[in-house]
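Visitor: Take a look at this one; I'll ask things after.
The values are calculated or read from the model by the stated rules, or taken from the named source; none is laboratory data. Because the structure is predicted, anything quoted here is derived from the model rather than measured. Here Cβ is always computed from backbone atoms with ideal geometry, including for glycine, and neighbour counts include all displayed protein chains.
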Amino acid sequence: MKTIVRLMVLMLCTSFAEAQITTPVIRAMFGVDGDLKANYINGMPLSGNDDWFTQTGGQWVIDTTGAAALVARYAIDPNFRQLPFYRMMRVAPYSLVNNKRWIDAVFIRDYHGNDSTMFASGSNKNGMSPAVWSCPVAQSVPDKNEILDMMVHVRREGPSTTDSLWMFGGISIESVTGNRYFDFEMYQTDIYYDRPSLRFYGYGPDAGHTSWKFDAGGNITVPGDIIFTADYSSNSLTSIEARIWVDRAALSVTPVSFNWTGSFDGANTGSQYGYAGIAPKTAGAFYTGLTCAPTTWAGPFKVVLGDNSVATDYIAGQFMEFSVNLTKLGLDPVTLLGGNACGMPFRRILVKTRSSTSFTASLKDFVGPFDFFLAPRADAKADVPILCGTASMTDVKVTNAVSTSIYTWSTPDGVIVGSNTGPTITVSAPGTYIVQQTLQSGCSTYATDTVTLAWDPLCNVLASRITDFSGNFRSGNVQLNWTVSQNKETSAFEIERSTDGLHFGPVSRVSPQTGLETASYTTTDDVHGTMAPAVYYRLKIINNQGYITYSRTLRIVLNKGGETVVTIAPNPVKDVMQLYIAANAGKRVQVFIYDITGQLMLTRQSLVQKGISTISITGFDKWQKGIYAVKVLLDDETFVEKIVLTK
């Protein structure tokens, strides 16, 4: 961690001797103080600052699911302690938390004991192509070079792309004696390490890396690989440098976003490609970094030491933490990469240790490479790939939807029923359906996927017919009732629920009654934890051939206060109007509908039970379009609503 911080310092100023900020600070509401606890700063309680983990409340960035079970297994299974694991950010990428845009985070525990995630003794160094790096089957690493855990988090100072982009890092090592040297190397490609072959693959095309490219005016046209390299000695950060991978000829260009520092190192003297040092254009601090105090809590996963023992706390200096203002450094993609609010200056990170302060010193231990800024790309599937006959519908959905992503659908030749936004749409015709994913509002397209539906005109249209579908709410539960004719043709019913009437998800599955041509069904859905004022239900009916149809949508008002409530949906009305009545007791209901001249067009009488009931009124397809008044009498209570009838 300290390594990265030192590196950032070099970027800030061409002079490596500039003083460093090594006191506890809060940046973008994240505590950079050498500990891992939210709502703490410099070992003292202070509400309002986030951190890697939490002990006493507050916001924490790393997903800690399963931490207790993992630590319990450590206690009884020493071999399990040697295995690595990772955890991602506990909220979806690009989530807005306390007015800060959390972009991504990762925690990784390295292999322990003898393993092959280290560099062979010898000439492996920065500037060489990963293609020629060699790794042993098993080898020990000096304690001062052995990585235990590492973590990275990126967020913005606020919700907007104009707010500064901050990078936070943490790293723990085995020994605090002697000098330590670290590299955080960022790649544009999907580089990976293959343990069976002990080789790296997927590296860049320019001598094993991706080179930055500039136009004649110094504007960046293609971003490339980045490395942050730092030195740590005597419990303090002593130097830091930032470099980017370039063609040597690019050094003759004056970059717009940062300055060259004069350093350049490739695989050999005279190499065409290498890492060139950069520094920010503007003066002023843009980084912080320091180490932990004695007996600093090591987090909910504890820490596994090099001798395979498990510790609850770090010793002094064992954990190092840093922050870097990437915007000030000139590495903010909003200004660097053409204004894309969701662009990132790298895709994967490899963390390494070195034997000395020299940039080209022998490499020792490593963690990664691991993905970063890489949300799941939309993968769409249809519930039914072949539509049956002339009356079928199906859902087309993103199977790996991210809650913070925006999904927009289009079709050149199909039919989308209702909304075309969200992870799921309903379609009623064969054709091609395309989903476009953006990571947040204002971003460029992140991913697209296409689903093509075929049509089978010879199949048997689903024989099941719903002759009644109703529901009511009582004591935190919704009771649904329906009746089906030609029941023998049905394979299953799935009850789907929504809180907005657009995006449905399954809540239960009901098997058909056997041997009956007509059958009635009842099921209950627990909605105690639902905060929405109303919920929507539909039945997904699957026939014996696997084809699917849907019922109409039923809206249930969740009246939890006891007062009588009357609502009408949908409004405007086309052919069916549903009257939703939330009553605190059984009541006699009278419904009167008048046209704009005051002429009585329809009357209806019914009884409703205590709770939520639904009354469906049909036949509006034969009426003239326009405005109508609906009067509802519930014993001694009167409700009047207007509806708009459309065609």
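Visitor: Looking at this structure, is residue 190 under 26 Å from the mean Cα position of the chain (by Cα) and either free of Cβ contacts under 8 Å to residues at least 60 places away in the same chain or farther than 17 Å from residue 126 by Cβ (or both)?
Guide: When the stated conditions are applied, residue 190 passes them.
Conditions tested, residue by residue: (1) crowded, with 18+ Cβ neighbours inside 10 Å; (2) on the phi > 0 side of the Ramachandran plot; (3) among the hydroxyl-bearing types (Ser, Thr, Tyr).
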| residue | (1), (2), (3) |
| --- | --- |
| 134 | no, no, yes |
| 145 | yes, no, no |
| 163 | yes, no, no |
| 170 | yes, no, no |
| 174 | yes, no, no |
| 179 | no, no, no |
| 211 | yes, no, yes |
| 214 | yes, no, no |
| 222 | no, no, no |
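Visitor: Keeping to the range 610-641, report how many residues are touching a residue at least 40 places away in the same chain (Cβ under 8 Å) and on the phi < 0 side of the Ramachandran plot.
Guide: Adding up the residues that qualify gives 17.
Visitor: Which residues, counting only those in the range 186-205, are out of contact with any Asp or Glu (no Cβ under 7 Å at 6 or more places or on another chain), in a strand (DSSP E or B) and of a type outside the set (Ser, Thr, Tyr)?
Guide: Once the filter is applied, which keeps residues that are out of contact with any Asp or Glu (no Cβ under 7 Å at 6 or more places or on another chain), in a strand (DSSP E or B) and of a type outside the set (Ser, Thr, Tyr), the range 186-205 yields 194, 199, 200.
So that you can scan it fast, the table gives a plain yes or no per residue for (1) among the aromatic types (Phe, Trp, Tyr); (2) at pLDDT 75 or above:
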| residue | (1), (2) |
| --- | --- |
| 547 | yes, no |
| 563 | no, no |
| 578 | no, yes |
| 586 | no, yes |
| 599 | no, yes |
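Visitor: What do you reckon, is residue 96 in the same structural domain as residue 195 (by TED's automatic domain parsing), surrounded by 13 or more Cβ atoms within 10 Å (Cβ to Cβ) and in a helix (DSSP H, G or I)?
Guide: So residue 96 does not fit the description; no.
Visitor: Confirm whether residue 458 is closer than 24 Å to residue 524 by Cβ and either at pLDDT 80 or above or part of a loop (DSSP other than H, G, I, E, B) (or both).
Guide: no
Visitor: From the set of residues in the range 268-292 that are closer than 17 Å to residue 229 by Cβ and not hydroxyl-bearing (Ser, Thr, Tyr), which is surrounded by the most Cβ atoms within 10 Å (Cβ to Cβ)?
Guide: The qualifying residue surrounded by the most Cβ atoms within 10 Å (Cβ to Cβ) is 289.
Visitor: Ok, one more. I'm told residue 464 meets every condition in (1) over 30 Å from residue 410 (Cβ atoms); (2) surrounded by fewer than 18 Cβ atoms within 10 Å (Cβ to Cβ); (3) at pLDDT below 80; (4) touching a Ser or Thr at 6+ places or on another chain (Cβ under 7 Å) except one. Can you identify the failing condition by its number?
Guide: Residue 464 satisfies every listed condition except (2).
Visitor: Among (1) out of contact with any Phe, Trp or Tyr (no Cβ under 8 Å at 6 or more places or on another chain); (2) free of Cβ contacts under 8 Å to residues at least 40 places away in the same chain; (3) in the same structural domain as residue 510 (by TED's automatic domain parsing), which single condition is residue 607 missing?
Guide: (3)
Visitor: Next question, about the same structure. Somewhere in the range 227-248, is a residue more than 35 Å from the chain's Cα centre (by Cα), among the aliphatic types (A, V, I, L, M) and either assigned to a loop (DSSP other than H, G, I, E, B) or over 22 Å from residue 109 (Cα atoms) (or both)?
Guide: No - not one qualifying residue is present in the range 227-248.
Visitor: Tally up the residues in the range 620-645 that are in a loop (DSSP other than H, G, I, E, B) and either over 16 Å from residue 574 (Cα atoms) or outside the structural domain of residue 604 (by TED's automatic domain parsing) (or both), please.
Guide: 2
Visitor: A follow-up question, please. Among residues belonging to the range 58-72 that are in contact with a Lys or Arg (Cβ under 9 Å, 6 or more places away or on another chain) and small (Gly, Ala, Ser), point out the one that is farthest from residue 109 (Cα to Cα).
Guide: So, considering only residues that are in contact with a Lys or Arg (Cβ under 9 Å, 6 or more places away or on another chain) and small (Gly, Ala, Ser), the one farthest from residue 109 (Cα to Cα) is 58.
Visitor: In addition: Looking only at the range 42-74, count how many residues are over 26 Å from the mean Cα position of the chain (by Cα) and either among the charged types (D, E, K, R) or on the phi > 0 side of the Ramachandran plot (or both).
Guide: The number of residues fulfilling the criteria is 3.
Visitor: Determine whether the range 229-248 contains at least one residue that is in contact with an Asp or Glu (Cβ under 7 Å, 6 or more places away or on another chain), closer than 19 Å to residue 166 by Cα and in contact (Cβ under 8 Å) with a residue 40 or more places away in the chain.
Guide: Yes; the residues of the range 229-248 include at least one that is in contact with an Asp or Glu (Cβ under 7 Å, 6 or more places away or on another chain), closer than 19 Å to residue 166 by Cα and in contact (Cβ under 8 Å) with a residue 40 or more places away in the chain.
Visitor: Output the residue which, of all residues in the range 269-326 that are in a loop (DSSP other than H, G, I, E, B) and without any contact (Cβ under 8 Å) to a residue 24 or more places away in the chain, is nearest to the chain's Cα centre (by Cα).
Guide: Among them, the one singled out is 312.
Visitor: Same structure again: For the subset of the range 419-453 comprising residues that are outside any loop (DSSP other than H, G, I, E, B) and small (Gly, Ala, Ser), which member is nearest to the chain's Cα centre (by Cα)?
Guide: Filtering first and then ranking leaves 447.
Visitor: Ok, one more. Yes or no: the range 218-232 includes at least one residue that is aromatic (Phe, Trp, Tyr) and more than 30 Å from residue 23 (Cβ to Cβ).
Guide: no
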